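Step one of this worksheet: look at the structure below.
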Amino acid sequence: MFAFTGTDVNWVILQEGTEVTLIDAGWNGDIQDVERSVRSLGRRPQDLRAVLLTHAHADHTGALNHLHDNYGVPLYMDAAEVPNALGETTESGGPVDVAKLLYRPRVVRWAARITRAGALRHFVFPAAQAFPQRGGGALDLPGRPVPIATHGHTSGHTSYFLPEIGVVISGDALVTAHPTVNGVGPRLLPAFFSHDQHSAIRALSTLQKLDGDVLIPGHGPTWYGPISESADRALDLVIST
């Protein structure tokens, strides 16, 4: 299991032998970095068995069409997230919300970075499809990731659990840093980024039940310690604000 960082966003590669699974795909401007991350492990993009998506926001979907169109890589996600990926629905914060924070220099710098990475461009992902297996449990893919429904940030937001090594890949259900928030440590993103912040808060209780001790978020550094404590810490921040 390997984590990589692009333009203020993370993605993860799971490797078994010569085959790999990619979880999330950065911004559109991160496409070459995503490819390089696969090749850095001695693999080729053609070796990808699938891309798994936590959710269909632009900072997690950038390389999806490239990987599917050039290498035939399938794209899987929660069935409730497929409409977002197809462009049938839109569940994300917009430029107006970010503009309210532009009095802060680090947010200005972040906004400039993501604009260069494609934040103002709109993409849809025709290859999007629901997970090929029904009924829960590990997916039959390299790394054997277990989808964990953490709906709220988007309607079909999904985290991924690797029970054999105690790792949770949380996407934006639980992050450890972001240019729009102060400090470093497990927390939710600001409410304007989420489709349903009340559900995003409730999703923390799902993460609290996972028996893991490594958190790889969609934004911020990897965090070590019981996942239950990380979720508790995020909930405490919500209560105190």
Positions within the stretch 195-220 being on the phi < 0 side of the Ramachandran plot and within 13 Å of the chain's Cα centre (by Cα), in sequence order: 215, 216, 217, 218, 219
Checked the stretch 191-215 for anything touching a residue at least 24 places away in the same chain (Cβ under 8 Å) and in a loop (DSSP other than H, G, I, E, B); matches are 194, 195, 196, 210, 211, 212, 213
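Look at residue 72 and say whether it is open to solvent by 10 Å² or more (accessible area, probe 1.4 Å), of a type outside the set (A, V, I, L, M, F, W, C) and at positive phi.
Yes.
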Please go through the stretch 134-148 and pick out each residue that is part of a loop (DSSP other than H, G, I, E, B) and either touching a residue at least 12 places away in the same chain (Cβ under 8 Å) or of a type in the set (Gly, Ala, Ser) (or both). 135, 136, 137, 138, 139, 141, 142, 143, 144, 145
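Would you check if there is a residue in the stretch 223-231 being in a helix (DSSP H, G or I), open to solvent by 10 Å² or more (accessible area, probe 1.4 Å), under 27 Å from residue 105 (Cα atoms) and touching a residue at least 40 places away in the same chain (Cβ under 8 Å)?
Checking the stretch 223-231: not a single residue is in a helix (DSSP H, G or I), open to solvent by 10 Å² or more (accessible area, probe 1.4 Å), under 27 Å from residue 105 (Cα atoms) and touching a residue at least 40 places away in the same chain (Cβ under 8 Å).
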Sort through 3, 56, 25 and tell me the only one that's in contact with a Leu (Cβ under 8 Å, 6 or more places away or on another chain) and among the hydrophobic types (A, V, I, L, M, F, W, C). 25
Residues being touching a helix residue (DSSP H, G or I) at 6+ places or on another chain (Cβ under 9 Å) and within 18 Å of residue 12 (Cβ to Cβ): count how many of those fall in the stretch 150-160. 5
Which residues, taken from the stretch 35-92, are among the hydroxyl-bearing types (Ser, Thr, Tyr), closer than 20 Å to residue 20 by Cα and free of Cβ contacts under 8 Å to residues at least 40 places away in the same chain? 37, 40, 71
Across the stretch 26-69, the tally of residues that are of a type in the set (Asp, Glu), more than 15 Å from residue 218 (Cβ to Cβ) and open to solvent by less than 40 Å² (accessible area, probe 1.4 Å) stands at 2
Just name the residue that is nearest to residue 6 (Cα to Cα) out of those in the stretch 176-190 that are touching a Leu at 6+ places or on another chain (Cβ under 7 Å) and in contact (Cβ under 8 Å) with a residue 60 or more places away in the chain. 178
Residues in the stretch 113-133: is at least one free of Cβ contacts under 8 Å to residues at least 24 places away in the same chain and surrounded by fewer than 12 Cβ atoms within 10 Å (Cβ to Cβ)? no
Would you point out which residue out of 115, 89, 54 is polar (S, T, N, Q) and in contact with a Gly (Cβ under 6 Å, 6 or more places away or on another chain)? 54
Going by what's in this entry, would residue 220 be described as open to solvent by 10 Å² or more (accessible area, probe 1.4 Å), farther than 20 Å from residue 143 by Cβ, touching a strand residue (DSSP E or B) at 6+ places or on another chain (Cβ under 7 Å) and at pLDDT 95 or above? yes
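The values are calculated or read from the model by the stated rules, or taken from the named source; none is laboratory data. In this text the structure is predicted, and so the values were computed from the model without any measurement. Note: ideal-geometry Cβ built from the backbone for every residue, glycine included; neighbour counts use all protein chains shown. These accessible areas exclude ligands, DNA and RNA; they are computed on the full protein's heavy atoms, side chains included. Shrake-Rupley method; radii C 1.70, N 1.55, O 1.52, S 1.80 Å.
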